[in-house]
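The values are calculated or read from the model by the stated rules, or taken from the named source; none is laboratory data. Note that this is a predicted model, so its numbers are computed, not measured. We place every Cβ from the backbone using ideal geometry, glycine too, and count neighbours over all the protein chains shown. In case anyone asks, the SASA skips ligands and DNA or RNA and just uses the protein heavy atoms, side chains included. Shrake-Rupley method; radii C 1.70, N 1.55, O 1.52, S 1.80 Å.
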Amino acid sequence: MNRVYNFAAGPAVLPEEVLREAAQEMLDYRGAGLGVMEMSHRSKEFDKILNDAKQDLIDLMGIPDEYEVLFVQGGGSQQFAAVPMNLMKNKVADYIVTGQWAKKAMAEAKIFGQANKIASSEDKTYTYIPDVSDLPISENADYVYICENNTIYGTTYKELPNTKGKILVADQSSMFLSKPVDVTKYGLIFAGAQKNVGPAGVVIVIIRKDLITEDVLPGTPTMLKYKTHADNNSLYNTPNAYGIYICGKVFRWLKEMGGLEVIKERNEKKAKVLYDYLDSSKMFIGTVEKEYRSLMNVPFVTGSDELNAKFIAEAAANGLVQLKGHRTVGGMRASIYNAMPYEGVVRLVEFMDKFEKENA
Ligand SMILES: *Cc1c(COP(=O)(O)O)cnc(C)c1O
């Protein structure tokens, strides 16, 4: 077996320990005589898998009793519709547009009501986060929406917006569980699992219980109502059982490591190696304003498309894969999620340094 260092933005690297354990349990889950993929979602074994995953997540994030944790499907993109369908009581919401995911979410919300762009960083191709301390929040806004870490552009919020009392909704897909967050500051957090937590096909929703109601927009499908999933402990229909099982193992992996303070320190240490190198390099340039640099997604360029392509190809040949930037922005992007070992980033920087010297 020859595992590479996988810098993909998602689906992305998972902890090797988790994969090994899952492999061991693949054919016979703890004496059940069958694997989790083959198991009824109503079995006592799966019931425990789901409830343990939920409890471990609650413990990790310190999620208060006033919040519900849901495991749903449809990807992050389906939440772009679910959020307005459930929360747009006045049919007005404010969006802070810091990249393509926020832009898509706003476009989706416009199907259901008035979605206002109250701030944007589009003027500088989303290389920064706008000042969010005193925004023109709409008086009748049902919520204020952010994408807290911009996977494509590599920016992240250092301060949450002042929502002037309105509900904050955050897409945390590419930063979920990368550091501690104060859940009480949010009305709703969602995250697609395939970035930092598990396989594609699971979305984790953390929602304040008073926001879970039958009072949703007319025509909201049963499967898109948060209440449907909350009333049924995420078992209204067949969930992505295997995906939840892997997420549960990742939660346990984080817990055993010491929790989100510990992973935050590790992530900071890892990101520093790469950013310090970028700041010293004459060939590779980080594309994000320093203040807003993401701990998770690190985009960079050489200034030459040819050199970029050469770098990506040679890195891949050296076991450093998926370094190509998003198809809409080009250049390179190293996603260094929780499961990327420190050693992987060191190897990347050593390779960049060698490449720089050879191609100077
Ligand atoms: C990947 C991503 C999405 C989209 O997720 P899908 O599961 O592919 O729908 C949404 N938001 C952010 C921040 C992402 O990184």
Are there GluC sites (Glu not before Pro) in region 73-144 that DSSP puts in a loop and that have at most 11 other Cβ atoms within 10 Å, and which ones? Glu139
When averaged across all projection directions, what area in nm² does the alpha-carbon convex hull of region 17-257 cover? 12.9 nm²
Applying the gyration tensor rule to the Cα atoms of region 258-358 (axes a ≥ b ≥ c; rounded if a/c under 1.5, else prolate if a/b exceeds b/c, else oblate), the class is prolate
Quick one: Cα centre-to-centre distance for region 169-244 and region 302-323, in angstrom? 36 Å
Over the Cα atoms of region 304-360, what radius of gyration and what Dmax do you get, in Å? 11.4, 33
Could you rank Met332, Met257 by how accessible they are, 1.4 Å probe, largest area first? Met257, Met332
Relative contact order [Cα under 8 Å, 6+ residues apart], region 71-179, whole percent: 27 percent
Sort region 146-230 into rounded, prolate or oblate with this rule: let a ≥ b ≥ c be the square roots of the eigenvalues of the Cα gyration tensor; rounded if a/c is under 1.5, and if a/c is not under 1.5, prolate when a/b is larger than b/c, oblate otherwise. oblate
Here the net charge surrounding Glu38, from other residues whose Cβ is less than 13 Å away from its Cβ (Lys, Arg +1; Asp, Glu -1), is -3
Rounded to the nearest 500, the 222 nm mean residue ellipticity computed for the chain from DSSP H runs (n ≥ 4, each -39500 (n - 2.57)) alone is -11500 deg cm²/dmol
Quick one: if you stick a label point 7 Å off each Cα along the C-beta vector at Glu314 and Lys354, how many nm between them? 1.0 nm
Would you mind calculating the gained length between Ile285 and Thr125 on full extension (0.36 nm times residue separation, minus the Cα-Cα distance), in nm to one decimal? 56.1 nm
Only Cα pairs under 8 Å and at least 6 apart count here; give the relative contact order of the chain as a rounded whole percent. 23 percent
Net dipole in debye of region 258-358 [+1 Lys, Arg Cβ; -1 Asp, Glu Cβ; about Cα centre; nearest 20]: 200 debye
If I compute solvent accessible area with a 1.4 Å probe over the protein chains, what percent of it on the chain is carbon and sulfur? 49 percent
Which cross-chain or sequence-distant (5 or more) residues have an amide H under 5 Å from the amide H of Tyr143, H modelled 1.01 Å from N in plane? Asp94
Have a look at region 143-195 and give its Rg and Dmax from the Cα atoms, expressed in angstrom. 10.7, 32
Quick one: Debye curve from the C-alpha atoms of region 231-306, no solvent, what's log10 I(q)/I(0) at q = 0.23 Å⁻¹? -1.02
Please list Arg252, Arg30, Arg333 from largest to smallest accessible area, probe radius 1.4 Å, with all protein chains kept in place. Arg30, Arg252, Arg333
Build a GNM of the chain with springs between Cα atoms under 10 Å: which of Val83, Val298, Val329 gets the top mean-square fluctuation? Val329
So for R0 = 25 Å, FRET eff. of Thr238-Asp59 from the Cβ-Cβ r, to 0.05, ends up at 0.40
Surface per residue (accessible, 1.4 Å probe) for region 17-135, Å²: 47 Å²
Trypsin sites (Lys or Arg not before Pro) restricted to DSSP loop in region 155-229 with at most 16 other C-beta within 10 Å: Lys158, Lys164
